[in-house]
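S.K.: This structure is in structure tokens; I'll ask about it shortly.
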Amino acid sequence: MDFGEWGVWTSFRQIGEDEAGEAAAVAEAAGFPSFWLGGSPRLAQVRRLLEGSTKLVVGTSIVNIWGYDPADLAREFHELEADFPGRVCVGIGVGHPEATSDYKRPLTAVEKFLDGVDGAATPIPVERRILAALAPKMLATSARRSLGTIPYFSSVDHTRFARQTVGPDKLVICELACVIDEDVERARALARSYAQLYLGLRNYTNALIEHGFTAVDIADGGSDRLIDHVIPHGSAAEIAAAAREHRDAGADQVCFQPLGAKGIPAADWRALAAALADPA
């Protein structure tokens, strides 16, 4: 699968499920080769994205193991694969301990879930699935049992660590939330509002503290240093430069999640694509 160097990340909460086909067409026309759908979707929900585009690779970021039977996931994958061969990547993850009372022994749960996928009548091939991972043991599992990893809300230092942990032959695909706005205070306010949820989830805060930040940075809605790094803002060119830092640290792909637009962020996607095409 050719994910390309750059992709887009969004969810139906942002674009609306009924507009999925249009969103896929806009992203593809802007020049992005892949589209990551967040918000713990059912895999079958990516069908509209595939129908709305011609070559776009579509991945989930992520389907949540606590809400799925492994055999059902495998069946849904092969139903899509029959109609859109080579275009679906199944992103799988455990979510967050704050989100479900079922969250216990996440590494064991992921291994068991993948055993179930592999034991299905028609398994999902290893090369068509990827794991959400931040901590060392989950990163090692992602390298052993999937294409690699899709970290979210993470630092450049974590990208470097993820590359070192999964090795040179596995994928590291980073989500990058961003704000295209050159008014610093307004952009930071939007970024801080978005970050509020994630700064209350210990999977993310532990990773940030392990990789470049302190508890002081996490407190009180996030320091300017943390907000500016994890959610870059400014011109499209400045955000492209921040994305290239992740690439230089070892990311195979960076997928952009522009904040602030209502509905499909078409103008932001186009601006980012144009900035990325400019070698300066």
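Any read-out appearing in this document is the output of simple, stated calculations on the displayed coordinates, not a laboratory observation. In this text the structure is predicted, and so the values were computed from the model without any measurement. A quick note on method: Cβ atoms are made from the backbone with ideal geometry, for glycine too, and the neighbour counts reach across all protein chains shown.
S.K.: Which one of these is surrounded by 22 or more Cβ atoms within 10 Å (Cβ to Cβ), closer than 18 Å to residue 232 by Cβ and in contact (Cβ under 8 Å) with a residue 12 or more places away in the chain: 190, 176, 131, 147?
M.R.: That would be 176, the only listed residue that is surrounded by 22 or more Cβ atoms within 10 Å (Cβ to Cβ), closer than 18 Å to residue 232 by Cβ and in contact (Cβ under 8 Å) with a residue 12 or more places away in the chain.
S.K.: Read through the list (1) without any contact (Cβ under 8 Å) to a residue 40 or more places away in the chain; (2) crowded, with 21+ Cβ neighbours inside 10 Å; (3) within 22 Å of residue 151 (Cβ to Cβ); (4) not β-branched (Val, Ile, Thr), then give the number of the only condition that residue 76 fails.
M.R.: (3)
Let's see how each residue does on (1) closer than 23 Å to residue 170 by Cβ; (2) touching a helix residue (DSSP H, G or I) at 6+ places or on another chain (Cβ under 6 Å):
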{"residue": "12", "(1), (2)": "no, no"}
{"residue": "24", "(1), (2)": "no, yes"}
{"residue": "35", "(1), (2)": "yes, yes"}
{"residue": "50", "(1), (2)": "no, no"}
{"residue": "54", "(1), (2)": "no, no"}
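So that you can scan it fast, the table gives a plain yes or no per residue for (1) aliphatic (A, V, I, L, M); (2) over 19 Å from residue 257 (Cβ atoms); (3) in a helix (DSSP H, G or I):
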| site | (1), (2), (3) |
| --- | --- |
| 141 | no, yes, yes |
| 152 | no, no, no |
| 160 | no, yes, yes |
| 178 | no, no, no |
| 188 | no, no, yes |
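S.K.: Scanning for something closer than 19 Å to residue 133 by Cα, of a type in the set (Gly, Ala, Ser) and in contact with a Gly (Cβ under 7 Å, 6 or more places away or on another chain), does the range 235-256 turn up at least one residue?
M.R.: no
S.K.: Quick check on the range 208-218. Is at least one of its residues within 19 Å of the chain's Cα centre (by Cα), part of a loop (DSSP other than H, G, I, E, B) and not charged (D, E, K, R)? Full working, then the answer.
M.R.: From the range 208-218, those within 19 Å of the chain's Cα centre (by Cα) are 208, 211; that's our starting set.
Then drop every residue that is not part of a loop (DSSP other than H, G, I, E, B), which leaves 211.
Checking which are not charged (D, E, K, R) leaves us with 211.
Yes: the range 208-218 contains one or more residues that are within 19 Å of the chain's Cα centre (by Cα), part of a loop (DSSP other than H, G, I, E, B) and not charged (D, E, K, R).
S.K.: Can you spot a residue in the range 56-72 that is touching a residue at least 24 places away in the same chain (Cβ under 8 Å), farther than 19 Å from residue 124 by Cβ, among the small types (Gly, Ala, Ser) and crowded, with 21+ Cβ neighbours inside 10 Å?
M.R.: Checked the range 56-72: no residue is touching a residue at least 24 places away in the same chain (Cβ under 8 Å), farther than 19 Å from residue 124 by Cβ, among the small types (Gly, Ala, Ser) and crowded, with 21+ Cβ neighbours inside 10 Å.
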